[in-house]
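Where a number appears in this text, it was derived from the coordinates with a stated rule and is not lab data. Treat the numbers as computed from the prediction; the structure is a model and nothing was measured. Here the Cβ is made from the backbone with ideal geometry for all residues, glycine too, and neighbour counts use every protein chain on show.
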Ligand SMILES: NC(=O)c1ccc[n+]([C@@H]2O[C@H](COP(=O)([O-])OP(=O)(O)OC[C@H]3O[C@@H](n4cnc5c(N)ncnc54)[C@H](O)[C@@H]3O)[C@@H](O)[C@H]2O)c1
């Protein structure tokens with residue numbers, strides 16, 4: 001049975017998904033929603049979608065079956081919960097939520113898992129890393145047992161704050177922007193560095209000890225204000241549920257081009273990716289991996305133009321649409337999404353306690 005989908009948030013990121021959702025062969029009806037009438041009108045006209053709403057509340061009163069939320073990251077969890085309570089399946093862009101308070105973030109993880117569990121509605125977090133070609137490649141190697149036992153991994157998100165992130169922060173607040181909202185807590189947005197490793201290994205973080213780096217003459221991550229954090233880079237060392245050790249680096253002060261990826265090592269084989277390419281290694285040597293040759297099946301309309309973030313957008317849409325239709329948990333369901341977010345929250349708590357080893361909470365596996 002085909003699906004009806006509402007998109008909430010036609011901003012810088014959300015608008016890139018509209019065409020993919022509209023053209024998915026299993027989507028029979030689509031609506032758009034944004035508080036900003038100009039953005040709504042622009043997307044409605046450009047993508048020829050006439051069903052439009054000015055507020056999430058109005059959209060939730062309709063009989064649309066599923067809602068894909070691309071609003072500001074501090075709004076995701078409450079909006080996803082509202083949608084599930086209204087009988088809709090819910091998708092949010094990453095993360096589940098991003099707030100200054102780690103305790104509040106963990107509480108929202110709890111509430112999203114509880115709501116998905118109680119209502120039976122599906123929640124999916126749209127982690128782009130899980131659908132990049134390196135993840136597809138490593139999932140296949142893992143399924144074939146070619147890593148052996150996973151023993152070590154490094155996940156990193158390199159995105160210097162000077163690479164447009166200051167502007168992103170300002171436009172997401174719009175007219176509510178003021179200087180007290182500058183800064184951020186890199187480990188409170190950790191899903192690009194944690195997600196791939198957790199997904200591919202099937203393990204989750206159980207403990208963390210972390211440290212922060214404060215740049216000399218820092219002018220963005222400053223004491224006071226909304227975030228009250230001076231560390232532009234945060235690095236955590238984790239113990240995983242399968243015994244492996246993982247290093248996660250969330251870097252906002254690093255003089256490199258952007259990179260969100262991982263290196264994954266097993267007792268029989270390993271995958272490494274850096275700025276120059278990707279390699280598969282074993283005790284017998286190494287081979288270059290051409291990631292442009294790696295893909296999973298997609299409907300024709302989406303395969304032709306997979307969208308941004310390493311072509312992940314099309315897979316995200318396809319996974320959510322098919323999970324709703326098949327009434328199965330998506331790959332990054334509420335339980336798994338909490339496993340992507342909580343390790344970052346606990347890393348920042350460890351940094352605040354001078355690297356103290358802390359337990360990472362876990363909500364268990366999604367029900368079958
Ligand atoms: N690689 C990735 O996964 C990736 C990359 C970029 C952005 N993102 C995520 O995408 C999300 C959106 O980012 P963006 O840059 O597009 O932000 P944006 O500020 O450009 O867009 C957000 C839009 O949501 C709308 N909105 C807010 N509340 C609403 C409501 N109640 N009802 C209807 N519309 C509402 C706003 O008017 C705005 O147009 C963020 O959470 C961000 O974290 C993820």
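Numerical summary
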read-out: Gaussian network model of the chain, Cα within-10 Å springs - most flexible of 29, 118, 132; value: 118
read-out: Residue-span extension gain [residue 26 to residue 241] - 0.36 nm each, minus C-alpha spacing; value: 73.7 nm
read-out: Between the stretch 181-198 and the stretch 4-44, the Cα center-to-center distance that results, in Å; value: 26
read-out: Of every Cα-Cα pair in the stretch 3-128, the percent that sits beyond 20 Å; value: 39
read-out: Taking N as its residue count, the alpha carbon Rg of the chain over 2.2 N^0.38 Å; value: 0.97
read-out: For the stretch 215-351, radius of gyration divided by Kirkwood radius, i.e. Rg to Rh on alpha-carbons; value: 1.01
read-out: Label-point gap, in nm, between residue 101 and residue 140 - each point 7 angstrom along Cα→Cβ; value: 4.7
read-out: In range of the label at residue 230: residues from the stretch 177-218 whose backbone nitrogen is under 20 Å from the point 7 Å along Cα→Cβ; value: 180-188, 210-218
read-out: Label-to-label distance, nm, for residues given as residue 300 and residue 61 (7 Å Cα→Cβ offset); value: 4.1
read-out: Two-site FRET efficiency, residue 268 against residue 72, from Cβ-Cβ distance with R₀ of 41 Å, rounded to 0.05; value: 0.40
read-out: Spin-label model distance (nm) - residue 41 vs residue 165, 7 Å beyond Cα toward Cβ; value: 3.6
read-out: Share antiparallel - DSSP beta bridges, the chain, percent rounded to 5; value: 60
